[in-house]
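Before any comments, here is the structure.
Derivation of every value follows stated rules applied to the coordinates shown; laboratory data play no part. These figures come from a predicted structure and were not determined experimentally. Using ideal geometry, Cβ is built from the backbone for each residue, glycine included, and neighbour counts are taken over all protein chains shown.
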Amino acid sequence: MRKQIVAGNWKMNTTFSDGAELIKQIILKTDSVKNTQLIIAPPFILTSEAGKLTSNTKIEVSGQNCSNQAKGAFTGEVSAEMLKSAGANHVILGHSERRAYYLETNGLINEKIKISLENNLTPIVCCGEVLDERENNEHFEVVSKQIKGMFYGINAEDFKNIIIAYEPVWAIGTGKTATPIQAQEMHKFIRETIMNSYGSEIAENLSILYGGSCKPSNAKELFANPDVDGGLIGGASLSADDFIAIANSF
């Protein structure tokens, strides 16, 4: 069976002390969570501390991004090896904010996926369309192109260690949310696209998360869809109560 996953992307929020306290609050509430993998992606400065605090708990740690380079003179960058050594087991790649603000391309994300896998990090790979693309009925074409570009050269064995997150970019931080029908439609399309390239076994075992303004009030309805395997949570993951409530929405 596919893993049910709820991952919290904290983005550029929390100081070291505030973030550590939030992790402790989440840990205290995890007893209620059954059969769902919990992942937190704090800012890089908290990766090591998060790894220590979550040791022997239900929570795993993710980076929010990594470099496409192994090491070297790349000021300000964080390598996949660094994340792994600091205690991360996952890394978020291709987030819409990285695409929009830092001009990341499918080709660059492809390089990051490969170097993450080489360092035994599970990539949480994001795809999704902006509002104009949705309104122009280009969303399937856009997501298909992203998937083909980001996963170029990735083999079926590698895909066993990959998670996909669908982000309707028009729903991130806007208060809008894709309807359950829209979410299911795109998740099914993504699964079918992967099946066409990697076969039904890989596609059926692939966890696909929804990542657009998911919160306690709508998570249950979204997660009820057969191809929605959880959520990549933004703002709501900064509240321990909300994050755990979403995890209990299956």
Quiz item: How do TYR166, TYR101 line up, fewest other C-beta atoms within 10 Å first?
Solution: TYR101, TYR166
Exercise. Scan around GLY231 for amide H atoms under 5 Å from its own, H built in the peptide plane at 1.01 Å from N, and keep only partners 5 or more places away or cross-chain.
Key: ILE5, VAL6, ALA7, TYR210
Practice problem: Decide, for the chain, between rounded, prolate and oblate: order the square roots of the alpha carbon gyration tensor eigenvalues as a ≥ b ≥ c, take rounded if a/c falls under 1.5, and otherwise choose prolate if a/b is larger than b/c, else oblate. | Solution: rounded
Self-check item: Inter-site label distance for THR15 and LYS176 at 7 Å from Cα along Cβ, in nm
Solution: 3.7
Quiz item: Most mobile of PHE140, PHE44, PHE74 per a Gaussian network model of the chain (Cα springs, under 10 Å)?
Solution: PHE74
Self-check item: Relative exposure of GLU97, GLU185, GLU201, GLU129, judged by other C-beta atoms within 10 Å (fewest first)
Solution: GLU201, GLU185, GLU97, GLU129
Practice problem: Take the alpha carbon gyration tensor of segment 166-234, find the square roots of its eigenvalues, order them as a ≥ b ≥ c, and report rounded if a/c is under 1.5; if not, report prolate when a/b exceeds b/c, else oblate. | Solution: prolate
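Filter LYS3/LYS71; LYS145/LYS188; LYS52/LYS176; LYS11/LYS58; LYS145/LYS220; LYS24/LYS71 down to the pairs with a C-alpha to C-alpha distance above 26 Å, please.
Flagged as over cut-off: LYS3/LYS71; LYS52/LYS176; LYS145/LYS220; LYS24/LYS71.
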Quiz item: Can you give the helix-only mean residue ellipticity at 222 nm for the chain, where every DSSP H stretch with n ≥ 4 adds -39500 (n - 2.57) and the sum goes over all residues, rounded to the nearest 500 deg cm²/dmol?
Solution: -12500 deg cm²/dmol
Quiz item: Could you give the distance between the Cα centres of segment 31-61 and segment 209-250, to the whole Å?
Solution: 17
Quiz item: Under a point spin-label approximation (7 Å from Cα along Cα-to-Cβ), what is the THR105-ASN89 distance to one decimal in nm?
Solution: 3.5
Self-check item: Using a Förster distance of 35 Å, the FRET efficiency for SER144-LEU28 (Cβ separation, nearest 0.05)
Solution: 0.25
Practice problem: Mind sorting HIS95, HIS139 by how few other Cβ atoms lie within 10 Å of their own Cβ, fewest first? | Solution: HIS139, HIS95
Quiz prompt | Vicinal HN-Hα couplings computed from phi for segment 203-214 (Karplus, 6.51 cos²θ - 1.76 cosθ + 1.60; Hz; Gly/Pro x) | solution = 4, 6, 9, 7, 7, 10, 9, 9, x, x, 6, 7
